[in-house]
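The values are calculated or read from the model by the stated rules, or taken from the named source; none is laboratory data. None of the values given here were measured: they were computed from a predicted structure. When we count neighbours, we look across all protein chains shown, and the Cβ atoms used for this are built from the backbone with ideal geometry, even at glycine. With ligands, DNA and RNA removed, areas are computed over all heavy atoms of the protein, side chains included. Shrake-Rupley method; radii C 1.70, N 1.55, O 1.52, S 1.80 Å.
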Amino acid sequence: MINLTHVSYCYPNQTQPILHDVSLKIETGELLLVIGSSGAGKSTLLRCLNGLVPHFYGGTFRGEVRVNGRNPLELGPRGMSDGVGFVFQDPESQFVTEQVEDELAFAMENHNIPQSTMRKRIEEVLDQLSIAHLRHRRVDTLSGGERQRVAIGSVLTLQPAILVLDEPTSQLDPQAAEEVLTTLQKLNEDLGLTIIISEHRLERVAQYADRICYLPGGNQPLIMGNPRELLAQIPLAPPLVQLGRQLNWQPLPLTIKEGRRFVAKLNFSKPLTSLNDEILPRISRINTNTHLGTSGLKISKTTAPPTITVHEVWHHYNGKESLKGITFNIQSGEFVALMGRNGSGKSTLLKSMVGLLKPQRGYIKMLGQNSHQTDLLELTRQVGFVPQNPGRLLFNETLAEEIAFTRRAHQLPEKEVEAWLSPLGLDGLAEAYPRDLSVGERQRAALVAILAAEPKILLLDEPTRGLDYLSKEKLTLILRELCQQGMTVVMATHDVELVARCAHRVIILGEGQVVVDGPTRQVMTESLLFASQINKLLRDSRFLTVEDVLKESADYTD
C-alpha cells in the first residue's frame, strides 16, 4: 500500500538531511508505530506520506513515494487529503473554524460531500471519540486533550484509507489516551484502516502495533520489526520492558497482564502487599511538609513560610467554573505534580499562579507576593513558566540569542551558551533557528530560555511533550538537581512515569477541585489511573520505578 524507496530529505538552510536513504514498505491494514529520539525525523517521515514534505516545507527531496498507487509529490497535500488523514502534534495548527461541529464539517465541505452524508459522519465521529458533549463548544475554550480528539475527528470524517497521527496522545490524560488508542485499534481491526502513529510514550501504544519502525537518527538506517523483538534491543523502551530486559523475562512482556505472570517469581526481602488487602490508609489532604518522595528524595519538616500559597482560588471561563476553591501550600525545594483528567483545571491554575489569569475569588502568593497585585515583569524575575506550546516563548533568531536575551532582561551576567544547552541534549544547536527545531527540541529550548533567568520557582505545563525516554531522563536529572538546590517546581502533566521519578508530592484535580493531595508513592499506589507502569504491575508503594524493583530484587545482579 505504501512504499518509500531511497528517500532523502533536507530542510531549507540545513546542511545535513533529516532523512537519509530511507526505504520501507507498509502493508494494507497495518498498524505501524514509528519511534525514535527527538529530532530523528519521525514527523518528517510521516509528512512525506501526504506531500507536506516537500510541498509545504520546501528543501531538497530525493527518492520515490507511492501511497495506494498515488504520488504525493505530484498531488500535494490537497490531492492526497481524501486518502490520507493527517493529525499533527499541535492540534491548534490545523483548526480553521471556531466551533467543534463546524471543524468536523470543514474538510467534507471542501470535498463537496452531500449534507445528509456529512451529518451522518459527524454523528459517527462524535460517538467514536466520545466528544459529543463538545459539538457546540468553541475550539479556543477546549483543553489540550479535547483539541487533540477534535483534530482526530476532523480527519476521520473524510473516511480516509490511511490515518497518520503524529503523537496523538501527547496532551491526553491516561484514560483519554486509552480511549483514543482503543478507538484507533477498532478502526484498524473492524474497518481495515491503515494506521501509522508516531509516539514517544511507548507504554501506551506498543502493544497495539503490528510492527515498529525505529529511526535511530544521525543518518543511521531505520530498523523494522515486531514490537517484542525490536524493543528487546533498542535504547528506547517503556519501564515494563526495561524491567523485563534487566531480569531476563522471556517472552518479553508488553502489557501489565503479560508482566503479571513473572511477579510471583520475584524474590524480595519483604513480600509484596496482597492485592486484596488495603494497600494504604485512605488518602486525605495533608498539612504536614514531611514526606518521602521518590528515589529517596525527602522534604524535611519546616516552620518557614511556604514559597507558594494558594488560598480559596476560584476562576471561571465564560461563566463556566474551572477552579473551585483551590487551597494548598508548597515549600521551598518541593517538587509538586498537578495531575487530573483533561479540563480539570491544571493549566488554568498554573496561569493563575504566574499572574496571567486573575481569579474571581481568593489569592495566590508566590514568595510572599500576591501574583495578581505584583507587576508581571517583576514576578517573572522570580517565577519561570513554560507553557504547553513552547513556541510562544521563542522569538529570537537563534537559541544563543534566546539565552542572551533572557540574561540581559534579568540583568544577569553572560554565561557560556553550551553550559545551558548541553545538559538538555541541545549540543551544537546554539545557532539553530528555534522554530525549525522538532517539537521535543523546542520544548527543551523553551525550558533553557526560562532557566537562564535563574528563577526560584519553576512552573511547567506538560514539559515532556515530544520528548523520548532518553531526553526525559536528562530532564529528570536536571529537575531533581534543581530541587536539591532549593528551586520549587510545580508541574502539570499526564506523564505518570516522569512524576514517579521526580515528584515529592501529587495533587490530583477533578472538575476544578483538589481531589487528592499526598506523597507520590501513596497517591500512585492508591490510584489505578494515575499510577506508573511498575506500580500497576506490583501494586506496592515501594515500587514506582524500575530502579526501585532492582534495588530490592535478589534476582538482579549489576
Given the DSSP H assignment, sum -39500 (n - 2.57) over each helix run of at least 4 residues in the chain and divide by its residue total; what's the result at 222 nm in deg cm²/dmol, nearest 500? -9500 deg cm²/dmol
What residue among 377, 349, 367 has its Cα farthest toward the positive end of the dipole of the stretch 334-456, where the charges are +1 on Lys, Arg and -1 on Asp, Glu, each on the Cβ? 349
Where nothing but the Cβ of Lys and Arg (+1) and of Asp and Glu (-1) is charged, how large is the charge dipole of the stretch 162-241 around its Cα centre, in debye to the nearest 20? 240 debye
How many percent of the accessible area of the chain is carbon or sulfur, using a 1.4 Å probe? 48 percent
Around residue 164, under 13 Å between beta carbons, what's the net of Lys plus Arg minus Asp minus Glu among the other residues? -2
Determine the principal axes of the Cα atoms in the stretch 359-499, then give the extent along each, sorted from largest to smallest and rounded to whole angstroms. 45, 36, 28
Could you give each residue of the stretch 447-458 its phi-based ³J(HN,Hα) in whole Hz, using Karplus coefficients 6.51, -1.76, 1.60 with θ = phi - 60°, and x for Gly or Pro? 5, 4, 4, 7, 5, 4, 7, 6, x, 8, 10, 10
Rounded, prolate or oblate: which one fits the stretch 79-125, using the alpha carbon gyration tensor with axes a ≥ b ≥ c (rounded when a/c is under 1.5, else prolate when a/b beats b/c, else oblate)? oblate
Theoretical gain in end-to-end length, residue 397 to residue 269 [0.36 nm per residue, Cα-Cα removed]: 40.5 nm
Rh (Kirkwood, all Cα-Cα pairs) for the stretch 8-103, Å, reads 14.8 Å
Starting at 0 and stepping by 10 Å, how many percent of the alpha carbon pairs of the stretch 126-173 end up in each bin? 23, 58, 18, 0
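What is the sum of charges around residue 39, taking Lys and Arg as +1, Asp and Glu as -1, for the other residues whose C-beta is under 15 Å from the C-beta of residue 39?
Here the charged neighbours net out to +2.
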Karplus ³J(HN,Hα) for the stretch 73-79 (6.51 cos²θ - 1.76 cosθ + 1.60, θ = phi - 60°; Hz, whole; x = Gly/Pro) runs 5, 7, 7, x, x, 5, x
Cα-based Rg then Dmax for the stretch 331-404, in Å, read 14.3, 41
Go through 382-392, 356-366 and give me the packing order, highest mean Cβ count within 10 Å leading. 382-392, 356-366
Using θ = phi - 60° and the Karplus curve 6.51 cos²θ - 1.76 cosθ + 1.60, what whole-Hz ³J(HN,Hα) does each residue of the stretch 480-486 get, with Gly and Pro shown as x? 5, 5, 4, 5, 5, 7, x
Computed over the Cα atoms, what is the radius of gyration of the chain divided by 2.2 N^0.38 Å, N being its residue count? 0.97
With the charge dipole of the stretch 54-190 built from beta-carbon charges (+1 for Lys and Arg, -1 for Asp and Glu) about the Cα centre, the Cα from 185, 134, 115 projecting farthest to the positive end belongs to 115
With respect to the cross-link table entries 186/346; 365/456; 270/551, which display a Cα-Cα separation exceeding 20 Å? 186/346
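Considering only protein heavy atoms, what per residue accessible area in square angstrom results for the chain with a 1.4 angstrom probe? Kindly include the intermediate steps, with their values, before the conclusion.
Details: 23680 Å² over 558 residues.
Counting only protein heavy atoms, the per-residue value for the chain is 42 Å².
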Return the long-range amide H neighbours of residue 211 (sequence gap of 5 or more, or a different chain), with a cut-off of under 5 Å between placed amide H atoms. 31, 33
Report the Rg/Rh value for the stretch 183-256, based on alpha-carbon coordinates and the Kirkwood definition of Rh. 0.99
By the Cα gyration tensor axes a ≥ b ≥ c (a/c under 1.5 gives rounded; else a/b larger than b/c gives prolate, otherwise oblate), the shape of the stretch 471-558 is oblate
Taking the Cα centre as origin and putting +1 on Lys and Arg beta-carbons and -1 on Asp and Glu beta-carbons, what dipole magnitude results for the stretch 58-151, to the nearest 20 debye? 240 debye
Rounding to the nearest 20 debye, state how big the charge dipole of the stretch 17-101 is about its Cα centre with +1 on each Lys and Arg Cβ and -1 on each Asp and Glu Cβ. 360 debye
Given backbone amide H placed at 1.01 Å from N, residues whose amide H is under 5 Å from that of residue 48, ignoring those fewer than 5 places away on the same chain, are 53
Does the stretch 390-433 come out rounded, prolate or oblate by the C-alpha gyration tensor, with a ≥ b ≥ c the root eigenvalues, rounded set by a/c under 1.5 and, if not, prolate when a/b is larger than b/c and oblate if not? oblate
Check which residues have an amide H placed less than 5 Å from residue 340's amide H, if you skip close sequence neighbours. 509
